[in-house]
Amino acid sequence: MELRATLKEKKRIVIKVGTSTVTYAKTGNINLEKLEKFVRVLFNLRNRGKEIIVVSSGAVGIGKNVLGISEKPAGSVKQACAAVGQARLMMIYQKLFSEYNQLAAQILMTKRTVMDNLSRFNALNTFQELLKLGAIPIVNENDTVSTYEMQFGDNDTLSAIVAALIDADLLLLLSDIDGLFTDDPNSNPNAELIHVVEKLDDHLLKMGKSTSTSDVGTGGMASKLTAAKLASAAGTDMVIANGEDFRNIHRVIEGQDCGTLFLSHKKDEFYLMDYLEKML
Ligand code: GLU
């Protein structure tokens, strides 16, 4: 509980929402009611003096739906889906933000953005400036141009990179699962939720079987554990919690026992580039 209480003090918070959180699983359409609830929680956190950065998936899934494509998109079709879907996604965010007189800002990144020293520096400056101006950056991978060679691949990894880049205090991954379990809870009813991970060892990393069954999202538990590894090294505590109920965001930030907390262990000699070279 003591450990959890420190979460109340976190100021700069990156919150990642997956495609399954922003759309209806059955139809793939945007879940407006959920998104509205989500942005209200964000504004409340901002009103409490927190700095909020959102990493939002959904571009490919929403675009696929808008274009009436039924199979899993690949190559230039996926890029086209992302181009249509990202615009649609931001349109909805903008609309909801404007109702509450809040500023949304879009940041799209590729692997090149973080691997190149100048563009990484530029991206950092943009984040800092936007936060200073009171905007909420909404980040996604630039799927319209990021083919294999320059792809992060999943937004779990991207959100950890963003958290490390901007020196966030907390990374909150909202998922369709309650947290990290001792086994896959879909197949093993005895699987238990792990409340706190003090140290991410090989045993835990092996437990991260890729569990995503989605057609459009890419993050399974394995990518969440990779994200936890990077976040921990960068000095950012990370929580995986269920995005079905956005009150979980408050629960986590109030220090309640919700989801799985991964404690950070920053090393003095942490260099983001070293990690990126190994990871990407
Ligand atoms: N960037 C992708 C999108 O917005 C999602 C990647 C992921 O699911 O992790 O559709």
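Only the coordinates and a few stated rules stand behind these numbers; no lab work does. Because the structure is predicted, anything quoted here is derived from the model rather than measured. Cβ placement follows ideal geometry from the backbone for every residue including glycine, while neighbour counts extend to all protein chains displayed.
In square nanometres and to one decimal, what's the mean projected area of the convex hull around the Cα atoms of the chain?
Mean projected area for the chain: 14.0 nm², to one decimal.
Return a whole-number percent for the relative contact order of the chain, with Cα pairs under 8 Å and 6 or more residues apart as the contact set.
RCO, the chain: 23 percent.
Quote the relative contact order of the range 83-216 in percent (integer), defining contacts as alpha-carbon pairs under 8 Å separated by 6+ residues.
17 percent
Can you tell me the Rg and Dmax of the range 29-123, counting just the alpha carbons, in angstroms?
Reported Rg and Dmax, both Å: 15.4, 43.
Might you report the magnitude of the Cβ-based charge dipole of the range 11-128 about its Cα centre, with Lys and Arg at +1 and Asp and Glu at -1, to the nearest 20 debye?
300 debye
With the alpha-carbon atoms as the only input, what is the per residue convex hull volume for the range 47-102 in Å³?
Here the figure is 85 Å³ per residue.
Using the per-residue mean of other Cβ atoms lying within 10 Å as a proxy for protection, in what order, highest first, do the peptides 124-131, 9-16, 58-65 fall?
58-65, 9-16, 124-131
Divide the volume of the convex hull of the Cα atoms of the range 72-137 by its number of residues and quote the answer in cubic angstrom per residue.
Spread over its residues, the Cα hull of the range 72-137 gives 84 Å³ apiece.
Could you order the peptides 268-280, 74-86 from most to least packed, using the average number of other C-beta atoms within 10 Å per residue?
74-86, 268-280
Out of all DSSP beta bridges with both ends in the range 1-153, state the antiparallel percent to the nearest 5.
Roughly 5 percent of the DSSP beta bridges within the range 1-153 come out antiparallel.
In whole angstrom, how far apart do the alpha carbon centroids of the range 1-70 and the range 78-122 sit?
13 Å
Please arrange HIS203, HIS250 by counting, for each residue, the other beta carbons lying within 10 Å of its beta carbon, fewest first.
Neighbour counts put them in this order, fewest first: HIS203, HIS250.
Which of the three applies to the range 117-185, rounded, prolate or oblate, going by the alpha-carbon gyration tensor with a ≥ b ≥ c and a/c under 1.5 meaning rounded?
oblate
If you place +1 on the Cβ of every Lys and Arg, -1 on the Cβ of every Asp and Glu, and leave all else neutral, what size is the dipole of the chain about its Cα centre, to the nearest 20 Debye?
720 debye
On a C-alpha basis, how far is the centre of the range 216-280 from the centre of the range 126-154 in Å? Whole number, if you could?
If you average the Cα positions of each part, the centres end up 17 Å apart.
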